[in-house]
Amino acid sequence: MTTKVKCFRQAHLDQLHANLLNLLAKYNNDESWVEEFFGAAPWSSETSLLFPANFELLNPDNNSHHDLENTIRLHTALRHLNIAQATDERLWAWLTHVQFWDYMRKRWPIESYQKEFAKPTDIGVNIRDRYFFTGNRDRALVHNGIARLWWYGHVSYDATRSNPYELTAVLLQKLDIAQSLLERSFSRNPAVTKAVLRVVVDQRAEGRDLSQRENFRTLMKHLNRLGGIAVLDLLTEEDIKAELESKVREIMAAST
């Protein structure tokens, strides 16, 4: 059995945005409050997307945030999401505020922002970051609390591997890898991201750790420069991988 995924109607999403500072206290609630806030007015719409019945994400616990497990769950369920849907704030804001409210409360509790920031405006900025979309859209896609999980899977899923989420595990191994790779303009192109992750895997097999902060950032700077002289979207995954491997040889030669 399946259930249809919903999304906010745009006018109602706009209403949440406009009233966010007045609604901050509601983000302390253990239960989703959106239906009560909007009342009887129809504030959501059904999409063509389907979730398996009783679909859930793993809540964080003392041992793990379970980002990898939840990435696999969400991406598997919504693997055929198209790019227009995947960049639609109405979908992700509905999932953060309604279906996965309990997960969001445990993964990014507002209490942590209230301890860190005294001004409501600063708390609001962080709520927008995780529950809505803010600023640069490429950055927003990997900061929204639910969208980020799907995008992790989207840019790393490789059906040709015995474990199609092997590269996803590499991506999420260290926070610096995900941030350095996915907050850049080329991050929406799976050919680019998979080429990078394949190089990390191959070099690890030869005893070299490219996931170290400085090595990986050097690789990302090189990829940025490559994007300045060539249109990355026109290069194949193998072309990008070969270029990165050439840079790795330079990095390793300089360190010996």
Check your understanding: Going by the conditions given, is Asn144 in contact (Cβ under 8 Å) with a residue 12 or more places away in the chain, closer than 17 Å to Leu23 by Cβ and touching an Asp or Glu at 6+ places or on another chain (Cβ under 9 Å)?
Key -> no
Output for Cβ contacts, cut-off 6 Å, separation at least six or different chains, first residue more than 15 Å from Leu95 (Cβ to Cβ) in region 1-16, second loosely packed, with under 11 Cβ neighbours inside 10 Å and at pLDDT below 95, reads Met1/Ala53
Result of the Cβ filter at 9 Å on region 111-126, keeping first residues that are part of a loop (DSSP other than H, G, I, E, B) and partners that are among the aliphatic types (A, V, I, L, M), at least 6 apart or interchain, is Phe117/Ile123; Phe117/Val125
Going through region 42-57 in order, the residues found to be without any contact (Cβ under 8 Å) to a residue 40 or more places away in the chain and either touching a His at 6+ places or on another chain (Cβ under 8 Å) or assigned to a helix (DSSP H, G or I) (or both) are Trp43
Q) Does Ala11 count as small (Gly, Ala, Ser), at pLDDT 95 or above, within 30 Å of Pro120 (Cβ to Cβ) and surrounded by fewer than 16 Cβ atoms within 10 Å (Cβ to Cβ)? A) yes
Screening Phe216, Phe132 for residues that are crowded, with 17+ Cβ neighbours inside 10 Å and modelled with pLDDT under 90 leaves only Phe216
Only one of Ala93, Ala84 is under 21 Å from Gly153 (Cβ atoms), assigned to a helix (DSSP H, G or I) and at pLDDT below 95, namely Ala84
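The values are calculated or read from the model by the stated rules, or taken from the named source; none is laboratory data. The shown structure was predicted, so the numbers you read here are calculated from the model rather than taken from an experiment. Because the Cβ atoms are built from the backbone with ideal geometry, glycine has one as well, and the counts that use them run over all protein chains shown.
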